[in-house]
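Worksheet: the structure to be examined is printed underneath.
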Amino acid sequence: MTQAPELHATRCAICGTTGNATERWPATLTPEAFSVATFSARRLPDRVHYRMVTCDACGLVRSDPVMDSERLDGLYEQSTFDYGDELPSLERTYGEAIGLIEERLGDLPKSGIADVGCGNGFVLDQALARGWSEVWGVEPSSDAIGHASPEVGPRIKQAMMTPGLFEPGSLSGITLFQVLDHLPDPLEPLAACREALRPGGVVLAWNHNVRAVSARLLGDRSPIVDVEHTYLYSPDTMRKLFEKAGFVDVKVRPVRNRYSVSYLTHLVPIPRTAKEALLPPLRRSRIGRRELRVPLGNLCLTAINPG
């Protein structure tokens with residue numbers, strides 16, 4: 001049995017306050033929640049989460065209390081790469097999203113782009129295919145890096161995004177796909193992003209939307225309510241966070257993801273026993289591999305580093 005960690009009160013990333021929040025959902029934790037398997041990507045949703053609250057001042061939803069960041073970093077370092085079946089859909093979805101950075105570059109070159117939380121580096125492969133040079137990844141999981149292609153594997157830094165990781169002003173673009181939900185202090189990596197970006201450089205963040213229709217209908221049965229998620233954002237709180245971090249010209253838009261039918265089945269709130277029976281044959285079938293583009297409540301933000 002995994003030993004449960006000591007939990008610590010969290011602070012609103014936007015307001016900087018502790019307390020001053022209303023409970024949204026009570027905790028459903030067990031000691032087994034704090035394991036490497038739980039903190040590896042795309043496990044079956046299990047409705048295990050911290051106590052979650054909504055800031056009374058700004059509306060930011062956060063987990064409170066949570067485990068310490070040192071133990072959390074260790075879990076992500078040991079996490080496993082287990083979403084290979086969904087890579088074609090992810091490559092198309094996130095590869096197209098790089099185009100949103102390119103639209104906002106102005107006179108900056110397509111040279112120097114980093115994907116934070118890059119997994120096996122599939123976004124870097126997509127950036128190379130789109131004509132970018134000097135591509136970089138940031139990823140804590142050694143297992144994920146071990147699955148990288150020969151072209152991008154040496155370009156992945158096994159680390160968390162912190163100031164000093166990149167030469168100041170060396171990047172034109174930075175992407176964070178489904179990353180900020182997981183971080184205990186999102187302002188630190190955003191400060192590192194601003195440091196690494198050239199003046200006029202573009203950051204792109206792709207996140208769950210806690211105000212999406214599906215999230216509001218399902219409540220804590222939604223797969224986004226999860227022990228891995230320290231924060232859950234809305235269009236308004238994403239904008240406030242990036243403005244607090246010093247970015248300007250912030251634009252937030254709803255987006256659609258491409259998912260296979262089998263992965264959509266993985267997400268829906270039906271009994272676990274039914275999923276475990278359905279998913280193996282579905283993944284092997286033509287229907288299960290069919291790709292759909294669906295609005296599942298994700299948001300995409302782009303913003304400019306003023307320098």
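Every number in this text was worked out from the coordinates using simple rules, so none of it is lab data. Keep in mind it's a predicted model, so treat the numbers as computed, not measured. Every residue, glycine among them, receives a Cβ derived from its backbone with ideal geometry; neighbour counts consider all protein chains shown.
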Review point. At what distance in nm do the modelled label points of Asp236 and Glu6 sit from each other, each positioned 7 Å from its Cα along Cα→Cβ?
Key: 3.7 nm
Revision key, fill the gap. Note on the chain: contact order normalised by length, alpha-carbon pairs under 8 Å, 6 or more apart, percent, works out to 18 percent
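If each residue of separation counts as 0.36 nm, what is the full-extension length gain between Glu70 and Glu96 once their alpha-carbon separation is subtracted?
Going from the current span to full extension adds 5.9 nm.
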Check your understanding: What residue among Pro254, Pro31, Pro140 has the largest mean-square fluctuation in a Gaussian network model of the chain, using Cα springs under 10 Å?
Key -> Pro31
Exercise for review: Could you let me know the centre-to-centre spacing of the range 234-307 and the range 116-150, using Cα atoms, in angstrom?
Suggested key: 19 Å
Review point. When the chain is modelled as a GNM with alpha-carbon springs shorter than 10 Å, which of Leu218, Leu190, Leu204 fluctuates the most?
Key: Leu218
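Extension gain Arg293-Ser35, at 0.36 nm per residue separation less the Cα-Cα distance, in nm?
Value of the extension gain: 89.7 nm.
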Check your understanding: How high is the relative contact order of the range 9-114, given as a whole-number percent (alpha carbon pairs under 8 Å, six or more residues apart)?
Key -> 27 percent
Revision key, fill the gap. The residues Val66, Val225, sorted from fewest to most surrounding Cβ atoms within 10 Å, come out as Val66, Val225
Review point. With a 10 Å Cβ neighbour count serving as the proxy for reagent exposure, in which order, fewest first, do Leu124, Leu296, Leu105 appear?
Key: Leu105, Leu296, Leu124
Point to revise | Gain on full stretching of the segment that runs from Ser214 to Asp185 - 0.36 nm per residue minus C-alpha separation | key: 7.8 nm
Point to revise | Cα-based reach from Lys240 at 22 Å (exclusive), listing lysines while leaving out same-chain residues under 8 positions away | key: Lys251
Review point. What is the magnitude of the charge dipole of the chain about its Cα centre, with +1 placed on the Cβ of each Lys and Arg, -1 on the Cβ of each Asp and Glu, and no other charges, expressed in debye to the nearest 20?
Key: 1220 debye
Check your understanding: When we measure straight from the Cα of Lys157, which aspartates and glutamates land under 14 angstrom away, once same-chain ones fewer than 8 places off are left out?
Key -> Glu77, Asp115, Glu134, Glu139, Asp143, Glu167
Exercise for review: Rank these for me by crowding, Arg286, Arg258, going from fewest to most other beta carbons within 10 Å.
Suggested key: Arg286, Arg258
Check your understanding: Spin-label point model (7 Å from Cα, Cβ direction): what's the Ser170 to Ser285 distance in nm?
Key -> 5.0 nm
Review point. Using DSSP loop states and a limit of at most 10 other Cβ atoms within 10 Å to flag GluC sites (Glu not before Pro), what is the longest stretch of the chain containing no flagged site?
Key: 104-307
